[in-house]
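Written out below as structure tokens is the structure these notes cover.
A short reminder: the numbers here are calculations on the coordinates, not readings from a lab. Worth saying up front: this structure is predicted, and the values here are computed from it rather than measured. With ideal geometry, Cβ positions are generated from the backbone for all residues, glycine too; neighbour counts draw on all protein chains shown.
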Amino acid sequence: MYQPAHHREDRIEVQHGLIRRHPLGLLISTGASGLVANPVPFVLLAEAGAKGTLQCHVARANPQWKEVEATNECLIVFQGADSYITPSWYATKRETGKVVPTWNYATVHAWGRPRIVEDAEWLRLQIDALTRMQEAPRRQPWAVDDAPEPFVAAMIRGIVGIEIPIARIEGKWKVSQNRPEPDRAGVHAGLLAEGTQHIEMAALVAERGGLPKINS
């Protein structure tokens, strides 16, 4: 990944935080059919290994798992907040006009050697963990145990697990750090004015740009 120094994020706890907030990763592998990519929700085991371990499952009918089984490395891309940035928000536009549009984003890329898991107990634990992670904030969280056990067992037979100890991980936070302070302030205000879908990016611009924090 192209990494200008001012956009690089090497803190493992920050990288892991993005994965937890945005667990739908793009699983990318290569094999006999060429490059293959599928969006898959992941569970992160932060303490398993030096950089953590990722676990997911895919449909048994999905041919990617067979190519993953034969490969030595795959890549998972986790995409965080992203927003189009108009030059109209920059103070520099009013001063010189020498500005262009850009796109802000935060992303984490993780590489590792995958292993395929077909053990039913492992798969049950993985779907339990994934479900708890997503259901916990709900007032009446649904649990896998709420479904009939024979139905759950049948569903598990239709999936295959993938476990990937993270060998290499990179984070990139491109959130207007390279702009002068008045431009960063303009981007922050502009994002807030755009609506709630840009709140997360506005918070990142404020955090990385030394601007006042958003009141929650």
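Structure data summary
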item: Debye, to nearest 20: dipole size of region 77-216, +1 on Lys, Arg Cβ, -1 on Asp, Glu Cβ; result: 720
item: Neighbour-count ranking [beta-carbon atoms within 10 angstrom, fewest first] of 98, 51, 66; result: 98, 66, 51
item: Straight-distance crosslink candidates among aspartates and glutamates, where the alpha carbon sits under 19 Å from residue 172 and sequence neighbours closer than 8 are dropped; result: 9, 10, 13, 82, 200, 207
item: Which of 105, 84 has the fewest Cβ neighbours within 10 Å, and the rest in rising order; result: 84, 105
item: Per-residue ³J(HN,Hα) for region 33-38, Karplus 6.51 cos²θ - 1.76 cosθ + 1.60, θ = phi - 60°, Hz, x for Gly and Pro; result: 8, x, 6, 10, 9, 9
item: Relative contact order for the chain, counting Cα pairs under 8 Å that sit 6 or more residues apart, in percent; result: 25
item: Virtual spin-label span in nm between residue 136 and residue 178, 7 Å along Cα→Cβ; result: 3.6
item: Region 130-204 - charge dipole about Cα centre, Lys and Arg +1 at Cβ, Asp and Glu -1, debye rounded to 20; result: 200
item: DSSP-assigned coil residues among chymotrypsin sites (Phe, Trp or Tyr not before Pro) in region 110-216, each with at most 15 further Cβ atoms within 10 Å; result: 142
item: Alpha-carbon centroid distance for the pair region 90-152 / region 46-77, whole angstrom; result: 14
item: J(HN,Hα) series, region 46-51, from Karplus relation 6.51 cos²θ - 1.76 cosθ + 1.60, nearest Hz, glycine and proline x; result: 5, 8, 8, x, 4, 10
item: Candidate aspartates and glutamates - alpha carbon under 15 Å from residue 66, same-chain residues fewer than 8 apart omitted; result: 118, 163
item: Three-way shape call for region 74-216 based on the alpha-carbon gyration tensor, with the a/c threshold at 1.5; result: prolate
item: Farthest toward positive dipole pole in region 8-161 [+1 Lys/Arg, -1 Asp/Glu at C-beta], among 17, 62, 133; result: 17
item: Region 111-207: trypsin sites (Lys or Arg not before Pro) in DSSP coil with no more than 14 other Cβ atoms inside 10 Å; result: 138, 139
item: In region 111-216, GluC sites (Glu not before Pro) in a DSSP loop with at most 16 other beta-carbon atoms within 10 Å; result: 118
item: Amide N proximity, region 111-153 versus residue 170 label position 7 Å along Cα-to-Cβ, cut-off under 12 Å; result: 111
